[in-house]
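Okay, so here's the structure we're looking at.
Values quoted throughout were computed directly from the atomic coordinates according to the rules given, and no laboratory measurement underlies them. Only a predicted model underlies this, so the values are computations on that prediction, with no experimental measurement involved. In this analysis, Cβ positions are derived from the backbone assuming ideal geometry, glycine residues included, and neighbour counts consider all displayed protein chains.
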Amino acid sequence: YYSQCQPSSQVTTTRSTTTRATTASTTFATTTASTTTPGGTNPTCSVGSISLVSNSKLPDPFTFANGQKATTKAQFKCRQAEISAALQQYELGTKPGKPQSLTASWSGNTLTINVSDQGKSISFSVTITAPSGGRAPYPAIIGYDGGSIPIPAGVAKISFSISDIAAQVNTGSRGQGKFYNLYGSGHSAGALTAWAWGVSRIIDAIEITPATNINPARIGVTGCSRNGKGAFVAGALDDRVALTIPQESGSGGSACWRLSDYQKSRGENVQTASQIITENVWFSTAFNPNVNQVSRLPFDHHSLAALVAPRGLYVIENTSMEWLGALSTYGCMKAGSLVYQALGVSGNMGYSQVGHGDHCGFPAAQQGSELNSFINKFLLDQSVTTNVFRTDGNFNFNQADWVDWSVPTLN
Ligand code: MCU
């Protein structure tokens, strides 16, 4: 199934700057808190230290580590900042905030991004394909290694060669790629976090480069499988991403560690936390101590959906691939959808799980009323209804076994 998952070879695009090229630059104030982390824009949030827990159920997204409950949207923003910090501390590694300087140049269809921080510099490029039709400034979808969904008319496509930023060949890839050239090969960030950092820098560059004709407020992120895990994390860690579309991300993406362990204990061939760290460098080494006791984690992957909320989220899964964890992804996203419910925007999150034999193929049945509706609503500003939560799986997810918290109405 996974033969198409070989990482693409590292591609470095270098273009000479033509006279038509434009260059923009900005210098960011150096602060410790990233303004692009959920909650980070709220000056009243202060995230304390977060301890491990002992909880075999999916942790309550509405209750702070100190036991206080979030009852308002403003408080929940601070709780999001805490969830983000916990995920970074115990699983993803730290995502650095805005770098000290970032410049961008636009030439042909290539956006080159130069980043300097703490005395080191890197440069990477993305390719932007303008849409047929539509009106500039265009919305755009960042596709990890191009992505694997059909991009409709009116939406630009941004191809992001993720291995250039962080390699993902095998466990030997730790610390390799431009992110680590900049921040050091021993940096705590796993590859998912390093790529998410790359997405944030792409958005920074678009914000200061109007010549790209891309609207930075209408950006989606997608990827499939391992790259779907990455797309989910990118949407979770930067609230400028308007629409997040993880496709067949499975374990490490839309699956919950606790639920995948449960499926494994029932004899199903599902990828677990303890297995995944032996395959690749997607996570921080800070995850390793807890992969055999995931009940200690003060979050699970419903928490990724909790970070994307209330922004657009359309999760695509596939019941034909046992390894992804069909019950796990469904149950995990069901729990995540309770956050959207609490925020009064249930329709902003969709889940669609349809069986088919080609991993990362996109079934036409999910296109018109699902994928395109999400794109129309969140990227093309149309007032359409998005209301999708479905599976063709024949498992039985009993929510009460996994969710022991109530869902508030956040005002
Ligand atoms: C579903 O994503 C991964 C999976 O986690 C890996 O175990 C497997 O090797 O590759 C999948 C993938 O990325 O397929 C393209």
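Springs between alpha-carbon pairs under 10 angstrom, Gaussian network model over the chain: which of Gly190, Gly230, Gly347 fluctuates most?
Gly347
Place a +1 charge on the Cβ of each Lys and Arg in the chain and a -1 charge on the Cβ of each Asp and Glu, then give the dipole magnitude about the Cα centre in debye, rounded to the nearest 20.
The calculation lands at about 740 debye.
Calculate how large, on average over all directions, the projected area of the Cα convex hull of the chain is; give the answer in nm² to one decimal.
Numbers: hull surface 74.1 nm².
Orientation-averaged projected area of the Cα hull: 18.5 nm².
Provide Arg266, Arg174 in ascending order of the number of other Cβ atoms located within 10 Å of each residue's Cβ, fewest first.
By the 10 Å Cβ count, ascending: Arg266, Arg174.
Nearest 10 degrees is fine. How inclined is helix 73-87 to the longest principal axis of the chain, computing both from alpha carbons?
90
Tell me the mean residue ellipticity at 222 nm calculated for the chain from its helices only (DSSP H runs of n ≥ 4, each -39500 (n - 2.57), averaged over every residue, nearest 500).
My calculation for the chain gives -7000 deg cm²/dmol from helical runs alone.
Please report Val354, Val315, Val241 as a ranked list, fewest other C-beta atoms within 10 angstrom at the top and most at the bottom. Walk me through the numbers before you get to the answer.
Numbers: Val354 17, Val315 30, Val241 25.
Lowest count first: Val354, Val241, Val315.
Could you tell me the distance between the Cα centroids of region 152-216 and region 285-299, to the nearest Å?
26
Helix 326-342 versus the longest principal axis of the chain: what angle, 0 to 90°, nearest 10, using Cα atoms?
80
Assuming 0.36 nm per residue, please report the length gained on full extension of the stretch Gln341 to Ser265 beyond their Cα-Cα distance.
Between Gln341 and Ser265, full extension yields 24.3 nm more.
Give me the percent relative contact order of the chain, please, defined on Cα pairs under 8 angstrom at least 6 residues apart.
Answer for the chain is 18 percent.
Please check: in the Gaussian network model of the chain (C-alpha springs, under 10 Å), which one of Asn348, Asn372, Asn66 has the largest mean-square fluctuation.
Answer for the Gaussian network model of the chain: Asn66.
I want to check the label-to-label distance for Ser56 and Thr72. Put each point 7 Å from Cα in the C-beta direction and report it in nm to one decimal.
Here the modelled spin labels are 3.9 nm apart.
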